[in-house]
Amino acid sequence: MNVEPPPPPKKARGFFTDTSLCIGCKACEVACKQWNQLPADGFAMTGNSYDNTGTLGATTWRHVQFVEQAKANSSRQDQRWLMMSDVCKHCANAACLEACPTGALIRTEFDTVYVQQDICNGCGFCVPACPFGVIDRAPKHGQFEAGTAHKCTLCYDRLKDDMTPACAKSCPTASIQFGDVEELQQRARHRLAELKARGEAKAELYGMPEGKEATEVGQLHAFFLLLDKPQTYNLPEVPRLPRKTMGQRYGWSAAVGLGFALVGALVFGRRQ
C-alpha cells in the first residue's frame with residue numbers, strides 16, 4: 001500500500017512593523033475591526049493625544065500609538081511624532097499559551113498563537129501571563145461570549161486561504177509587512193542598516209532572535225523597527241515570563257513556610 005508522506009510544515013508567518021514608515025492613518029485598526037467584526041471602542045478625547053484607542057484589548061487587536069517628543073526648552077518646531085501600530089507579538093515562547101488550563105490557546109501550523117473560542121472557559125489565567133499586556137477578556141457584545149479571551153489571530157482564516165492579513169493589506173506605506181518570519185528578519189536587518197547610515201542613531205530592532213528581549217519569550221513573530229528605546233513605545237526592555245518571577249516568589253514562600261514548620265515542631269517537641 002502506498003502511503004503519501006505528510007505535507008512539509010509551513011514556514012512561520014508574522015509581521016515586521018517598520019515604525020519609521022508609519023503615518024498614523026489607522027487604516028490597520030479599521031481594517032482589523034471590519035474583517036474580524038470587532039465592535040467599535042467609542043470615542044474618548046484625552047486632550048493631549050490623537051490616540052483615542054488607548055491600548056490593545058479584547059475588541060482592539062491593532063492599536064496605533066502616537067508618541068509626541070520634544071527637546072528640553074525647545075520650540076514646537078523641534079518636536080516630532082513617533083507612531084507605531086502595536087499588535088500581539090505571537091511569541092515563540094508564549095506565556096499565555098503556557099498558562100491556559102483548557103488548551104484553548106494553541107500554536108497553529110503557521111507558528112502563530114490562536115484562541116479557540118469554543119474551548120475557552122474565560123478563566124483569565126492568560127491575561128496576567130502575557131508580558132506585553134495584549135490578551136484580554138471581553139464583555140458580552142455581539143458574537144463575543146462574556147469573559148472569554150481575545151487577541152489578534154494574525155487573520156488565521158485568511159492565512160488558510162493564502163491571503164494577507166487585513167491590517168498589512170490595508171497599510172498604505174508598507175509600515176506593516178507580512179510574510180515568512182525569516183525573510184522578514186533579513187529585510188529588517190537591511191532596513192536598520194539603511195536608517196543607521198542616514199543618521200538614525202537610536203534606531204533598533206525589537207523582537208529579533210539575537211535581541212535581549214528574546215531572553216525568555218524567544219523571538220517575536222510580530223517584531224518592530226523602533227526609532228527610540230522600547231520604553232518609549234510602552235514595550236518592556238526585557239519581557240519576563242510570569243513563571244520565572246512566580247517561581248522565585250513561591251520559592252521564598254516555601255522557605256518561610258518550612259521555617260515556621262520547623263520552629264513549630266521544635267516547640268511542640270519540647271512541650272512533650
What spacing in nm lies between the two simple spin-label points modelled at residue 232 and residue 169, each 7 Å away from Cα in the Cβ direction?
-> 3.3 nm
At residue 121 and residue 198, where each label point lies 7 Å from the Cα along Cα→Cβ, what is the point-to-point distance in nanometres?
-> 5.2 nm
Express in nm, to one decimal, how much length is gained between residue 146 and residue 37 on full extension, taking 0.36 nm for each residue of separation and deducting their alpha carbon distance.
-> 37.6 nm
Using alpha-carbon positions, the gyration tensor of region 57-207 gives root eigenvalues a ≥ b ≥ c; with a/c under 1.5 called rounded, otherwise prolate if a/b exceeds b/c, else oblate, the class is prolate
Counting pairs of alpha carbon atoms under 8 Å apart in space and at least six apart in sequence, what relative contact order in percent does region 12-130 give?
-> 23 percent
Could you calculate the contour length gain from residue 108 to residue 160, that is, 0.36 nm times the residue separation minus the distance between their Cα atoms, to one decimal place in nm?
-> 17.7 nm
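Going by how many other beta carbons lie within 10 Å of each one, how would you line up 163, 208, 84, fewest first?
163, 208, 84
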Computed lengthening from residue 212 to residue 11, 0.36 nm per intervening residue step minus Cα-Cα distance = 70.0 nm
Using the count of nearby Cβ atoms within 10 Å as a rough guide to exposure, how do 175, 49, 170 rank from fewest to most?
-> 49, 170, 175
Work out Dmax and Rg for region 189-241 from the C-alpha atoms and quote the Rg first, both in angstrom.
-> 11.2, 36
In whole percent, what relative contact order does region 13-240 give with Cα contacts below 8 Å and a gap of six or more residues?
-> 27 percent
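Any read-out appearing in this document is the output of simple, stated calculations on the displayed coordinates, not a laboratory observation. Please read these numbers as outputs of a predicted model, since none were measured by experiment. Note that each Cβ is placed from the backbone with ideal geometry, even for glycine, and that neighbours are counted across all protein chains shown.
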